[in-house]
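First up is the structure itself, then whatever we jot down about it.
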Amino acid sequence: MLHRVIYASEAVGATGVSTLSIAQILGASEVNNRRDEITGCVMFHRGHILQALEGGRADLDRLMRRLLVDPRHSGLRILCDMPIPARVLTEPMSLCADPAAMLGSVGLPCISSVTANDAEAMLDFRKAA
């Protein structure tokens with residue numbers, strides 16, 4: 001059975017700010033997620049991170065354990081953790097190209113106030129686009 005986990009966190013240091021840090025995160029995530037059959041997307045905005053992940057329960061649990069101790073995050077909070085009938089995300093890891101517009105689609109100024117419903121609405125918006 002497939003599951004979806006969506007989490008928000010605060011970026012530490014240059015995480016998500018510099019092009020190099022984003023490239024490193026996307027590169028490592030691509031390799032690891034392909035291996036573990038996880039799909040996902042990530043958004044960096046004003047020092048915050050929002051990520052949606054889909055895959056098998058054991059694979060997502062293993063990834064979340066790694067993320068909880070990753071020094072590039074602080075204050076990680078899980079917004080959504082649920083079984084899903086099918087994937088919405090199709091790439092091992094993609095980057096939200098316009099986070100301000102995506103947040104604006106649900107009427108939010110930044111990631112820090114995103115709820116589970118907001119995150120699901122942004123996934124629906126992304127799927128429809």
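Values in this text are rule-based calculations from the coordinates and carry no lab data. A quick note: this is a predicted structure, and the numbers were derived from the prediction, not measured. So basically every Cβ, Gly included, is an ideal-geometry build from the backbone, and we count neighbours across all protein chains shown.
Shape index of the range 47-99: Rg/Rh, with Rg the Cα radius of gyration and Rh the Kirkwood radius from the inverse mean 1/r over Cα pairs, equals 0.94. The residue 117 and residue 18 beta-carbon pair, evaluated with R₀ = 35 Å, returns a calculated FRET efficiency of approximately 0.65.
The Rg/Rh ratio of the chain, with Rg taken over Cα atoms and Rh as the Kirkwood radius over Cα pairs, comes to 0.92. The loop-placed GluC sites (Glu not before Pro) in the range 27-101, going by DSSP, that have at most 16 neighbouring Cβ atoms within 10 Å of their Cβ come out as 37. Using a cutoff of 8 angstrom between alpha carbon atoms and counting only pairs six or more residues apart, the relative contact order for the range 1-107 works out to 45 percent.
Note on the chain: GNM, Cα springs under 10 Å; of 36, 70, 59, the largest mean-square fluctuation is that of 70.
DSSP beta bridges in the chain, what fraction antiparallel, as a percent rounded to 5? Approximately 95 percent, going by the DSSP bridge assignments. If the segment from residue 88 to residue 36 were pulled out straight at 0.36 nm per residue, it would be longer than the present Cα-Cα gap by 17.0 nm.
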